[in-house]
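The values are calculated or read from the model by the stated rules, or taken from the named source; none is laboratory data. All values derive from a computational prediction rather than experimental measurement. Every residue, glycine among them, receives a Cβ derived from its backbone with ideal geometry; neighbour counts consider all protein chains shown.
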Amino acid sequence: MFSADIRRSEEACNGQLKLAYLLGNIRTQENAYLNLRSEAQHKRQAGDMVTLGVISMMVMIMIDCALCQTEIEQPACKVRIVTPDPCEAVHLVSRSDWGAVDPTQKTPLDLPVSMTSIHHTLTEGCCNVPQCSARLQAIQSKQMTVMNFDDIGCNFLVGNDGRIYEGRGWTNKGQLIQEYDELSHSICFIGNYTEDAPSWFALDSAKKWIECGVNKDYIVHQYMLFGHREKDNSTQCPGDCLFSIIARWPHFPYFK
């Protein structure tokens, strides 16, 4: 059943995924290309024998290496890429910075948790701190006043600007999937991802933030990743397109 769902979801957003990951893989090569081209032009003006052909070959090697890089390290890629600390690679916007109100109460989690759940907010998306802050304030207000939540429901939220926005944080129980709230952290993508994909920056930051939680012992190393819909038949959260993306992430139970 899950494989069929995933295949149908892939058809809806496969083109967006290819574009997002291609842009993500080669975005770090763009500056390198511009620097190399500038250097070549400078050396030509100075009478140096370095040609643009050599420079172009170097750029092609760099791009080929970027394209062969996937979720799993590829032995064909000979360039060693040093991965920074995932906790420092992501910008966290604190509750006070996005204008959160205080929760009515907090329930501590028993750490480390064994699961991470993925959601979408079913609101408009956002691409900068003011936009995302406005979305979060509206979400928190609705969840606390209409739905009688103690606080905003998610542990963390992700904007299309690639920033992580603090919800209930690492140490407090979320309020989204009842019996699973005490076993997991929830990560919510701000927006509606039924037909559209989140930005590459949002997806990359979410994966890094989960890795950060593992490194800091907030999440067990062999955690399970799942979409909200898998534990609650009444919802299609996190949307077909986003669900088809996380189905390819490590630790997803049906990952092939």
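Within the stretch 113-120, not a single residue is among the polar types (S, T, N, Q) and assigned to a loop (DSSP other than H, G, I, E, B).
Does the stretch 69-83 include one or more residues that are at pLDDT below 50, surrounded by 12 or more Cβ atoms within 10 Å (Cβ to Cβ) and farther than 30 Å from Asp196 by Cα? Yes.
Table: residues versus (1) at pLDDT below 95; (2) more than 15 Å from the chain's Cα centre (by Cα).
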| residue | (1), (2) |
| --- | --- |
| Trp200 | no, no |
| Lys207 | no, no |
| Asp232 | yes, yes |
| Leu242 | no, no |
| Ile245 | no, no |
| Phe252 | yes, no |
| Lys256 | yes, yes |
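Of the strands (runs of 3 or more DSSP E) entirely within the stretch 128-242, those holding at least 2 residues that are in contact (Cβ under 8 Å) with a residue 24 or more places away in the chain and surrounded by fewer than 22 Cβ atoms within 10 Å (Cβ to Cβ) occupy 164-166, 219-227. Using the structure shown, decide if Gln105 is in a helix (DSSP H, G or I) and assigned by TED's automatic domain parsing to the domain that holds Phe226. Here the answer is no, as Gln105 does not meet what is asked.
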